[in-house]
1. Could you tell me the calculated FRET efficiency between Leu111 and Lys198, based on Cβ-Cβ distance and R0 = 30 angstrom, to the nearest 0.05?
2. Taking just the C-alpha trace of segment 138-261, give me its Rg and Dmax in Å.
3. First obtain the Kirkwood hydrodynamic radius of segment 116-157 from its Cα pairs, then insert it into the Stokes-Einstein equation at 20 °C and 1.002 mPa s, and state the resulting D in µm² per second as a whole number.
4. Taking K and R as +1 and D and E as -1, what net charge do the other residues with C-beta under 15 Å from the C-beta of Asn407 add up to?
5. Would you pull out the residues with amide H under 5 Å of Glu667's amide H, same chain only if 5 or more places away, H placed 1.01 Å from N?
6. Residue by residue through segment 788-805, which ³J(HN,Hα) values in whole Hz follow from phi under the Karplus form 6.51 cos²θ - 1.76 cosθ + 1.60 (θ = phi - 60°), with glycine and proline marked x?
7. Under 13 Å from the Cβ of Ala473, count the other residues' Cβ atoms, weight Lys and Arg +1, Asp and Glu -1, and hand me the total.
8. With a cut-off of at most 15 other beta carbons within 10 Å, and DSSP calling the residue loop, which GluC sites (Glu not before Pro) in segment 633-663 qualify? Please list them.
Amino acid sequence: MKKMSLIALVCLLILGLVPRSAQAVKTVHIEHNTEQQFKQGDPCQVIINSTGEISLAYRTKTLLSNKDEVWVVNDIVKTAAGSLYVATSGKGYIYLLKEGQESQIVYGKDLIDHKHVFSLAIDGKGRLLAGTSGETTQLIRFDKAHKTKTLFQEDEIKYVWCILVGPGGRIYLGTGPTGKIITLDSNGKNPEVLYEAKEKNILSLALDADGILYAGGDENGLVYRIEPGTSKTTIVYDTGHGEISGLVFDEAGNLYVSTADTSAARPGAKLILSNGDTSRPESTDEKDKEDKENEKGEKGEKDKKNEVEKINEDQASNNNKNNNDKAKEAKAKPETKENTKKETGKKQANNPEKNKTGQPTNPADKDKPEKTAELIPAATKSSDKTPSTSPASTISAPKPSKPAETNEVYQISPSGYVTSLFSRKVMILSMAYMGHGKLLLGTGIEGELVRLDTQKQEAVVLHTVKPSSQISAVLADADGTVYAGCANPGAVYAIESSYAPEGIYKSQAVDAKQISKWGKLHLEADIPSQSNLKISFRSGNTSDPKKGGWQKWTEPIDAIEDIEIHATPARFLQYRLHFGSSDGSHTAVVREVKLAHMIPNLPPLIKNVTIKSGQVDKTGKSANSSKNMTITWKTKEPNNDKLTCEIFVRIVGREKWIRIAKEIKEEKYTWDSRTVADGRYEVKVTASDELDNPKGQALTASRVSRPIVVDNTPPEITRMSHNIDGWKLRFEATVKDALSVIGSVEYVIDSGEIWHIALPNDGIFDSREENIRFELKIDAPGEHLLAVRFADALGNRTYRNLSVVK
């Protein structure tokens, strides 16, 4: 039995189930597992996503920088041959960037009145289009030798903000400051005003799979839907913002809308992408995989069923030769439910305009909810219910709204419903679609490139473009490369799809609050064989290592699940994660870092010991007895141990304390002062952590109050006299108290209900002895009863009654 008890005790020790009182000190764990926690550290060539995962950053190349003539990169396009064209502001140059070659200025060098090239596009024949602004605004086209031809120019149009090439090579221009959308044919001829909005500038354009045009402006935050063939126009959504900075579609027909209100940006703040939720929805890929597995399982069950049916048919054939021909016929062409279903599917596929009832159907209606009223017109093909307007639109602009608090990325589904996917205090200056539900957001004012996964509802800052402050243009290439054009100063970067060879994450200085012994680091991470992860440490006793006094970094060691922290005992600790990738395709992913440290048992702290006695009201009644004293105090326990308190009293000047209460767990105690003799006392409160520490290892702390007076004896009347002069009664007395000042003297005649106040001769009660004199009028002859009540400041009272005869 003793052996079994010992084994049980060892198990309890291992499992941490020992009673709290057996713990001499506590092991404290500090956890880092959220984006906000990790972003307090210093990342270098690593990225931290919104779910709190750290991994290697992607390789980055600088393609264009240190150009004095470039203030802003406005647009980037890529040719079929892989070259990049870059439109800039400053001197209005267009740069050609080719792999392995110096950047080349192909436009603007010979122009002195030219300041901006805001937009670029590649037309249907692979030629470069550019929208220029300056003294004159033009749409120009370049041939292979970079010779230009002006396709469009209009005096009242000062800006060509965006160019879009649609089906058949048709060209669309978003312009300003008149809010016109201009369209030209594939040869750049026959310009027409497709739509004129009631705002100054059309900043963004997008086409859906059916060739319907969508536009966003800079004043009213409206998203327009325009049918190029009929110019029929509707407002798809009112964002309530002042500027629509981007419009893009995904493969499923969802429209994404980004905003860029300057009022909603907060300079200098860290961009925290998460909302604190580390969970995620099931992705489309996961659902597809599950569906395939289910289909595979169902197919296997059907194959087994068909095999059983075949065996049964063979057996029936052998047993009944008369039915042999019919059985063969059934084998050759079984009329199963599956075949009927496939045949029906073929018929419907050949005639998509009819549903199961034989009635015509619109493919765009399949995702629409079963509701009769739509708050937002559908962002799909127009129907007879869709209101139309002419190019001179009758759509009225909404009244200006209050400044936006955040900028947004909205998703508008094909059925017209709107969801906000991203809402942060940053300017979203540019947006592009990468495919597979991923968006690129170029932001200011800190110049961060955000990748937003709309399916997983995750986001990550792919790159921060120091020293630039804004990402003004983004381009997503089919090979996974991302191009970022920057402003202030201007630059162009290529963020590749492969990982950087190495990166370092340095944590913030982790504060243990006290000098502590550091134990182990527990790591939750995925480390593929083609990657590596090492960890090093350092500790110190200042909050900032730059102040000095920190040990040197330890040698990096390979990461395992539990790692001994080789750092000297100190209040602060830093850990450093060293990421590496041997092939550029794999990276370690760190999800949680948990640090264990042990704080030695520290004594509790006590402060603010105060004592208040019960108060007597004017009627002489008191809800709290004047003999009860309320003792209060405040405690603090550095180890978070449970505390128990004791109360002691002693007469001032004596050494010995008398305990009046023990095992007090609240920070309050009511003491009946009648349990001690009158006198001046001190009160001591002692706190102990014995509940959470072994016997003999508990620590205590004590604090002594200011001296207080315990006075339960009423004042003494040392002199009292009275006389009658006519109808006046004169009364005199001297009242004295041993410990307390005199608090009040009151009188009443003939047992009246109202007590009258009598003041001392000097007009104020401020000493332990007071002389009292008052006079009152006798209203009728005969015998009268005068009652006088004397009280000290603590409410102790004495009464005197006089029989007065007139």
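1. Working: r = 33 Å, r/R0 = 1.11.
For Leu111 and Lys198, the calculated efficiency is 0.35.
2. Over segment 138-261's Cα set, Rg and Dmax evaluate to 14.3, 46 Å.
3. Numbers: Rh = 10.6 Å.
Rounded to a whole number, D works out at 202 µm²/s.
4. Combined, the nearby Lys, Arg, Asp and Glu give -3.
5. Under 5 Å from the amide H of Glu667: no residue qualifies.
6. Result, ordered by residue: 10, 10, 10, 9, 8, 5, 8, x, 6, 10, 9, 10, 9, 10, 10, 9, 10, 10 Hz.
7. Numbers: positive: Lys78; negative: Asp75.
Neighbour charge sum, excluding Ala473 itself: 0.
8. Numbers: sites: Glu646, Glu655, Glu663; in loops: Glu655.
Filter output for segment 633-663: Glu655.
The values are calculated or read from the model by the stated rules, or taken from the named source; none is laboratory data. Bear in mind the structure is a predicted one, so any value in this text is a computation, not a measurement. Note that each Cβ is placed from the backbone with ideal geometry, even for glycine, and that neighbours are counted across all protein chains shown. Just the protein is used for accessible areas: all its heavy atoms, side chains included, with ligands, DNA and RNA removed. Shrake-Rupley method; radii C 1.70, N 1.55, O 1.52, S 1.80 Å.
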